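Read through the structure below, which is laid out as structure tokens, and then see the notes.
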């Protein structure tokens, strides 16, 4: 008797249902998906970088042709969008660092704001180095 | 299943390292080579200068590390996004993503070796 | 501030219906009423068949979690007047099977909770004659935040990964595992790691972060999970290079 009552009850329990497009239902969910999709622009720029390297290998003419191609409207627009998404990626990735890393100096926990500041300092230093290598030197 | 269990930690480490490195280096590179130079805000670096910078073995090593880690960052995150956003799961998509990253890394190694 | 408000409450009567419906109730809205007060008013004065869980009505028991206008909330701590002029939609906690009206089947979470061994695990128990386990305030700080969990499951309702894959072990279970892993008295990390390092353990999480946003006790399960990913990954690498173990 107990067996049939239990299985009858289980048949009547409503199963949960999630729409494939659950991420359109809330702003923070959409922002999450956009953050994840920033990886596509990471991939694109690696490809672009390697195309630049290949152009340099092939000689001055190829290099100049590549730089001219990079100035065409579709590529320029793609790279502008990439820049925005890459900054978004950096900001959100660094933001996650204090939550993910607990650093202790002896008994004391390093405050999250300091971990965040360290990442931004590293970002600034790395950017300055790249600019100096490409423009200066 | 066992393969996936054992590989997740390594793939996550690659994803994390790639995330940090791409966050630190890629934005300034897009700004320079994708926007500022094409728009003429900065003069196009001379061919000799580019050859000098890219020819440096340390630069090439760092660039390879950047490409390799950034590609695996893309692969790991993209594969998870396919699952989260579109419900696409399974080993096949994962193999495609990581496979593409591996191929890209080989191409990067080949090109950066050649530029010296 | 309105002095009345409409509640749109999800109903599911398994003996009569095969799907959920909504019933609307027009209730008073004194400024100190929470959603739970509104539901109790409905049950006492308007419709005694309405079924829902609640207990302490002060945010420590974790019983009264429901979706209020699409957000997971403890109904004992959610003020009706914040939703004026209304209507206020009250639904059962998302991502869980519905038994009746606002009551969900918590079995999945309870099984996962037990599976992560939420107790002090010792390799060898200390005999009573040796006295209590001593712990400094700093050692307490290491895990205290994660001990605040009241098992209300709002984080499971907010987590899209759990919604897509009910096998995912989920935010609270991992945070509670961390509460014990980080406790200086505990020696059970290895045992818990076996369960947590499966694909549906910590590796299913993609750091959406919604769990931390909705947690009423500021446990930060997302942080606990990311920290554990780092720990588990480092342990895996160490085990690869030193199969017999370091220490």
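Some notes on this structure:
- Being under 19 Å from the mean Cα position of the chain (by Cα), closer than 30 Å to residue C:158 by Cβ, assigned to a helix (DSSP H, G or I) and at the interface with chain A (Cβ under 7 Å from one of its Cβ atoms) is a condition met by no residue of the range B:28-44.
- Condition met for residue A:95 (more than 9 Å from chain B (Cβ to nearest Cβ) and either free of Cβ contacts under 8 Å to residues at least 40 places away in the same chain or more than 27 Å from residue B:102 (Cβ to Cβ) (or both)): yes
- Filter result for the condition that a residue is within 13 Å of another protein chain (Cβ to nearest Cβ) and either in a helix (DSSP H, G or I) or touching a strand residue (DSSP E or B) at 6+ places or on another chain (Cβ under 8 Å) (or both), over C:177, C:172, C:224: C:224
- Scan of the range A:60-77 for residues that are surrounded by fewer than 19 Cβ atoms within 10 Å (Cβ to Cβ) and facing chain B (nearest Cβ under 8 Å), ordered by number: A:60, A:64, A:67, A:71, A:75, A:76
- One residue alone among C:16, C:8 is in the same structural domain as residue C:57 (by TED's automatic domain parsing), on the phi < 0 side of the Ramachandran plot and either surrounded by fewer than 15 Cβ atoms within 10 Å (Cβ to Cβ) or free of Cβ contacts under 8 Å to residues at least 12 places away in the same chain (or both), and that residue is C:16.
- Selection from the range B:68-110 of residues that are in a helix (DSSP H, G or I), at the interface with another protein chain (Cβ under 10 Å from one of its Cβ atoms) and over 18 Å from residue A:42 (Cβ atoms): B:83, B:86, B:110
- Hits in the range C:24-41 (condition: buried (at least 20 other Cβ atoms within 10 Å of the Cβ) and part of a helix (DSSP H, G or I)): C:35, C:36, C:38, C:39
- For the range A:98-124, a residue qualifies if it is at the interface with chain B (Cβ under 9 Å from one of its Cβ atoms) and within 30 Å of residue A:51 (Cβ to Cβ), and the qualifying residues are A:119, A:122, A:123.
- Test: residue in the range A:40-48 that is surrounded by fewer than 17 Cβ atoms within 10 Å (Cβ to Cβ) and facing another protein chain (nearest Cβ under 9 Å): yes
The values are calculated or read from the model by the stated rules, or taken from the named source; none is laboratory data. Quick caveat, the model's predicted, so the values are computed rather than measured. Reconstructed Cβ throughout: ideal geometry from the backbone, glycine too, with neighbour counts over all protein chains shown.
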